[in-house]
Amino acid sequence: MTEQDYRGLLKNKNRIVVKIGSSSLHHMETGELNLTKMEKLIRELCELKNQGKDVILVSSGAIAVGKKVLKVSPDETPMKQACAAIGQARLMMVYEKLFAEYNHITAQVLLTKQTIVNPDSRRNAENTFKELMNLSVIPVVNENDTVAVHEVEDTFGDNDFLSSIVSVLTGADLLILLSDIDGLYTDDPRNNSDAKFISLVEDLDESYMLMGKSTTGSGVGTGGMSAKLHAATVAVNAGCDMVIANGEDVSVIHKIIDGENYGTLFVGKRDERFNIAGYVGMTR
């Protein structure tokens, strides 16, 4: 198949997970929420929902919102967790209001690594998502930073990885990671002007994984290209296509669904041996 063949198939995706990071939600100059972008994002998601597709939003930003409210720059875990508790409530208030303007219901789902590793809690999470889908509700997902401890290995590490886990839990057939970069390059284009853009990855092997960088381009988010490739490993092994695209203009969402050449497309190829609980259990 050609790239355009693969891109054309995206029009037929029925359950779509969209992840947006902190750097895409905030004004870099002030740290305040970018309400115009958030409104456009919700409009994009509601339009997909109006087309009959299931939509799940994985949203970062709770700690950043809490930091802005409290006017602190926390280094210690308890303060970060306090910021997350305050920020998550504020973030959901904004999402709830915006979704309601387009006559859609949303629900908050907070996950931890132990939710996935433990069979009973994972089954409960799957059932919750299933019921929300049946009720035509749009879940807004984040890690439960108020109880996850960052110094030990019980966090997902970043919401790129979390969004891939959500794709598996919900049986999604497309994951869109909105980033501050256009997609995958052979090297970091911020530091290497000779870096080449890669628009299609059919087989995610070690050569692609080595292209990832652990750093992020902003001082707000926690992910980087290595985190996105980590997420791609989960998504493609579960049979879910994934696209990394620049979230500066959130209208890129419907352009991707329409089969236009935006971002890097990773082709999902299900591996029946892939075990999500085992993979998460071994991963920081």
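The values are calculated or read from the model by the stated rules, or taken from the named source; none is laboratory data. These figures come from a predicted structure and were not determined experimentally. Quick reminder, even Gly has a Cβ in these numbers, built from the backbone with ideal geometry, and neighbours come from all protein chains shown. Heavy atoms of the whole protein, side chains included, go into the accessibility calculation; ligands, DNA and RNA do not. Shrake-Rupley method; radii C 1.70, N 1.55, O 1.52, S 1.80 Å.
Using 0.36 nm per residue of separation minus the Cα-Cα distance, give me the extension gain between residue 85 and residue 47 in nm, one decimal.
On the way: separation 38, 0.36 × 38 = 13.68 nm, distance 3.00 nm.
Fully extending the segment from residue 85 to residue 47 adds 10.7 nm.
Report, to the nearest whole %, how much of the accessible area of the chain belongs to carbon and sulfur atoms, 1.4 Å probe, protein only. Write out the running numbers ahead of the final one.
On the way: 6090 of 12870 Å².
The computed percentage sits at 47.
How many percent of DSSP beta bridges within the chain run antiparallel, rounded to 5?
Working: 6 of 33 bridges.
Given both bridge residues lie in the chain, the antiparallel proportion sits at roughly 20 percent.
Are any of the pairs 40/113; 97/269; 19/68; 37/67; 49/269; 228/255 more than 28 Å apart by Cα-Cα distance, and if so, which? Could you put the intermediate results ahead of the total?
Values: 40/113 31 Å; 97/269 38 Å; 19/68 22 Å; 37/67 20 Å; 49/269 26 Å; 228/255 20 Å.
Flagged as over cut-off: 40/113; 97/269.
Please compute the length gained on full extension between residue 195 and residue 12, using 0.36 nm multiplied by the number of residues separating them and subtracting their Cα-Cα distance.
Numbers: separation 183, 0.36 × 183 = 65.88 nm, distance 3.23 nm.
Value of the extension gain: 62.7 nm.
With a 10 Å radius around each residue's Cβ, average the other Cβ atoms per peptide and rank 11-20, 231-240, highest first.
On the way: 11-20: 20.6, 231-240: 24.1.
Order by mean packing, descending: 231-240, 11-20.
Calculated FRET efficiency, residue 260 and residue 76, Cβ-Cβ r, R0 45 Å, to nearest 0.05?
On the way: r = 45 Å, r/R0 = 1.00.
Here the calculated transfer efficiency is 0.50.
Peptides 31-41, 48-58: what's the order by average Cβ count within 10 Å, highest mean first?
On the way: 31-41: 16.2, 48-58: 19.2.
Ranking, from highest mean packing down: 48-58, 31-41.
Please give, to one decimal in nm, the separation of the simple spin-label points placed at residue 136 and residue 207, each 7 Å out from Cα toward the Cβ.
4.8
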